[in-house]
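Down below is the structure, laid out as structure tokens.
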Amino acid sequence: MANELESTNSAIQVAVSVKDEVIHMQDIGFSYGRKPLFNHLNLSVMRGNIYGLLGKNGSGKTTLLKLLSGQLFPSEGYTSALGFDPVERKPPMLSEIFYLPEEFPLPKMKAKEYLAMRSVFYPRFDHTMFAQFCKDFSLDMQQNLSEMSLGQKKKLLLAFGLASNTALLILDEPTNGLDIPSKRQFRQTVASAMTEDRTFIISTHQVRDMENLIDPLIILNDGAIIFNDTVDSVNDRFVMALVSSDPGPEKGIVYKEKVLGGWMVLKEREEGEEVQGQPLDLETLFNVVVENPTLMAGGAR
Amino acid sequence: MMKRFGLLVNREVQTGKRDLSIYALTIFLVLFASETINSFVAQYSRMGFAPAVYDGLFSNFLFIGGFIITSLSFASDMFSKNGQHEWLMLPATSFEKFMAKGVLSAFVYPIAIILLFFLTSVVTEPIQLLFFGNPVTLFNPFTGGLGSQLASYWVWQSVFLLGATYFHKGHFFKTVLSIGGIGIALATLGLLFVKIIFSLKYGSSLRTFDVVFSFDRFLLDPASGAIGAFRALGKILYYVALPIFCWVTAYFRVEEVQATDAV
């Protein structure tokens, strides 16, 4: 009886897990010409999170986003996005994905004309929400798109993407071109549009712009996902501390960095250790993971 | 599906409306200026009024304008690295996206240009009458072999549609060059074929001029049953098979480019 119950519970867990898995990529291979980029890449993205996709220049962040949205086709492997094969690019899948690229041209027309032309393709587009986002971003819908700056265009498309209410929102370097107040507004707006049915993936180099917004993190390095976990999971296992002198090759220290007033070190928590430590920022976490790719082995847990 | 197709057609019109408006205005001004110059010359040279310019210019704008518009229809959506993402991510099938562009350039453009010519003549002709006494001659789309022009447009537009999807840059000029190249190659092959066949029948001393002369005089008699069938077959190939081949190939080219272009 107990075994039966356990087996039922695990079956339910698997079902919930599959249902909540928005993206599943398995053994993905992809290359540009003869230069391989991904070889047996695996990725799982769960519903209801704002994922941050981090990686060095040329690590393949944009390529990964294009692969999972069906803009590029993998040479091998299996991909499922919202239960669809992205390669087929079926309209029901496309109407549930909004992709904001880093660079994009917009047609010569007024913002309100663009809205009327494009919003009809998204069945759950919320015009009230869009108007509110435009107000927050100080956008004039009467303005011609050709007269808008890059930052204004980006804010317009961001407002559009958030108001489209798609299940998956992909933002590639969304804060590039935004001024300082807009970056703050961006974080607030994205957070306010998040629901448990939606999933956002934000690819960025500007990790400071994304502090307290993105979590979990996906870190891409040398053609593989070397980290896909939450910041808290790292805090559970490691502790950040400021020490006055160079700690040297001390046991348990996985990362050290010279800062004003000493050295910032990240070391493994000892068993039962409850020290709060310094807050772990995303930039440090990225450096730790990239410098110690085997330490986390996909995640911290 | 039809709703999505309608939305895609609307998107094509909306994104191109500024350029199309400028093009329409250009046509209007060219027609108006040509008619005015004709009327002016006729009045002051006392040579009598020349026939209206509409019929002469219609085929130019139909063919050249239509081929250029067709050639450019896929340029930014399919071959621009930054521009293609929106077209790719638009919630519709590749077939719907392809057909929206194809139908607009193949069928809507000729109708639009006929209407534009007619409306221009409605505006222009009373002015000519008022100022120069030029008799009113409205553009009449039902005269002047419009049917055969539209049929030819349907054939050659499909070739430019294929060129629009096949070439990454310089679609119009590359298509024109390709047509020229293929035309020269086919003409050379035809000439060789005719020379060989006629040499077998009339002897090896036959010259090209004789071949052309003989062919024209004795064999191209439309009343002949064999030639009639050959002509009918040729028309089917020209008006049906060639356009369908170009449309189908262009569609598969769109599918192929969407899968491989960014790589």
Hydrodynamic radius by Kirkwood for chain B, inverse mean 1/r across distinct Cα pairs, in Å, is 21.8
Taking only the alpha carbons of the protein assembly as shown, the radius of gyration and the largest Cα-Cα distance, Dmax, both in angstrom, are 32.8, 112
Karplus-derived 3J(HN,Hα) from phi for segment B:16-27 (6.51 cos²θ - 1.76 cosθ + 1.60, θ = phi - 60°), whole Hz, x at Gly and Pro, runs x, 5, 5, 5, 5, 5, 5, 4, 5, 5, 4, 4
Expressed to two decimals, segment B:1-127 has a Cα Rg over Rh, using the Kirkwood radius, of 1.12
Neighbours of A:Q142 by Cβ distance under 9 Å: Lys/Arg at +1, Asp/Glu at -1, summed charge +1
Checked against a 19 Å limit on the C-alpha separation, the offending pairs among A:K112/A:K135; A:K61/A:K258; A:K56/A:K154 are A:K61/A:K258; A:K56/A:K154
The simple spin-label model distance between B:I227 and A:E270, using points 7 Å out along Cα→Cβ, in nm, is 10.8
Amide H neighbours of A:I218 at under 5 Å, excluding residues fewer than 5 places away on the same chain, with H built from the backbone geometry, are A:G52, A:L53, A:L54
Lys and Arg at +1, Asp and Glu at -1: neighbours of B:L25 with Cβ under 15 Å from its Cβ sum to +1
One finds, for A:T294 and A:H127 with R0 = 45 angstrom and r their Cβ-Cβ distance, a FRET efficiency to the nearest 0.05 of 0.35
Excluding near-sequence neighbours (fewer than 8 apart on one chain), chain B holds lysine pairs with C-alpha atoms under 19 Å apart numbering 7
In vacuo Debye sum over C-alpha of segment A:231-299, base-10 log of normalised intensity I(q)/I(0) at q = 0.21 Å⁻¹, listed in q order, is -0.90
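Helix-only estimate, please: 222 nm mean residue ellipticity of the protein assembly as shown, summing -39500 (n - 2.57) across DSSP H runs of length 4 or more and dividing by its residues, to the nearest 500.
Working: 22 runs with 293 residues, N = 564.
That calculation yields -16500 deg cm²/dmol at 222 nm.
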Amide H contacts under 5 Å for A:E173, restricted to residues at least 5 apart in sequence or on another chain and with H modeled in the peptide plane, are A:S203, A:T204
Once phi for every residue in segment B:81-90 is put through the Karplus expression 6.51 cos²θ - 1.76 cosθ + 1.60 (θ = phi - 60°), the whole-Hz ³J(HN,Hα) values, with Gly and Pro written as x, are 4, 7, x, 6, 4, 5, 5, 5, 8, 5
Expressed in angstrom and ordered largest first, the alpha-carbon extents of segment A:29-93 along the principal axes are 33, 26, 18
Under the Karplus relation with 6.51, -1.76 and 1.60 and θ = phi - 60°, whole-Hz ³J(HN,Hα) for segment A:100-115, x at Gly and Pro, equal 9, x, 5, 10, 7, x, 10, x, 7, 6, 6, 4, 5, 5, 5, 4
If amide H atoms are modeled at 1.01 Å from N in the peptide plane, then the residues at a separation of 5 or more from A:W263, or on another chain, having amide H under 5 Å from its own are A:V243, A:S244, A:S245
Expected integer from the mean partner chain Cβ neighbour count at 10 Å over B:87-100 is 4
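Values in this text are rule-based calculations from the coordinates and carry no lab data. Worth saying up front: this structure is predicted, and the values here are computed from it rather than measured. Note: ideal-geometry Cβ built from the backbone for every residue, glycine included; neighbour counts use all protein chains shown.
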